[in-house]
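No lab work stands behind these numbers, since they all come straight from the coordinates. Source: prediction; values computed, not measured. Neighbour counts run over all protein chains shown; Cβ positions are idealised from the backbone, glycine included.
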């Protein structure tokens with residue numbers, strides 16, 4: 001089975017950066033044989049107030065059931081564990097998740113759920129809707145604005161809920177363009193509206209990806225931008 005998985009493996013490298021000074025690189029390998037699949041990955045991230053840290057990723061799928069586990073094993077003082085499991089059909093997905101993290105005196109715990117709907121509108125157009133909600137608790141944080149202190153130190157900007165939509169259209173039988181729009185509530189008081197666009201261009205066994213987004217947060221009147229670049233390759 002191991003050789004069969006390797007024969008259908010996808011390898012991906014993704015890099016991202018934002019105006020808050022965050023930088024992240026993630027490499028993953030995903031292999032599927034019949035109705036069973038495995039995903040292995042590793043990432044590194046850092047920011048102005050967050051030292052460089054490493055995280056590992058494990059994923060498995062069988063039929064419509066998929067699960068994922070992300071672990072940051074006490075990297076630069078931060079211990080984080082996040083797990084999710086759900087059912088993924090052709091047009092609907094329901095995912096349950098749980099997370100915990102600790103850094104010094106701060107400790108975060110949370111549980112949530114995500115629902116996604118998507119479908120083919122025409123031969124060239126596909127669209128989707130998604131919504132998620134989280135119950136979060138942060139203990140031992142700094143007085144005044146503990147969630148901002150947690151996010152700056154860990155790059156984990158927790159959200160209580162989010163709802164969004166996207167639409168994807170193919171051009172020239174290859175280039176895919178997908179604009180998106182979402183609204184969410186950060187863990188601290190306020191709201192965030194984000195718009196973005198993603199591009200995907202296949203070139204034989206290789207796919208090139210790029211994405212950019214702009215967000216505004218109220219009541220802080222803060223603007224944020226993020227950029228991601230990626231490449232993936234399929235073994236045949």
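Quick look at the values:
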item: Unique residue being loosely packed, with under 15 Cβ neighbours inside 10 Å and in contact (Cβ under 8 Å) with a residue 12 or more places away in the chain when the list is 174, 168; result: 174
item: Every pair of residues 6+ apart whose Cβ atoms lie under 9 Å, when the first sits in the stretch 61-89 and is touching a residue at least 60 places away in the same chain (Cβ under 8 Å) while the second is surrounded by 14 or more Cβ atoms within 10 Å (Cβ to Cβ) and in a loop (DSSP other than H, G, I, E, B); result: 78/156; 80/156
item: Single residue of 153, 189, 149 found to be surrounded by fewer than 19 Cβ atoms within 10 Å (Cβ to Cβ) and in contact with a strand residue (DSSP E or B) (Cβ under 8 Å, 6 or more places away or on another chain); result: 149
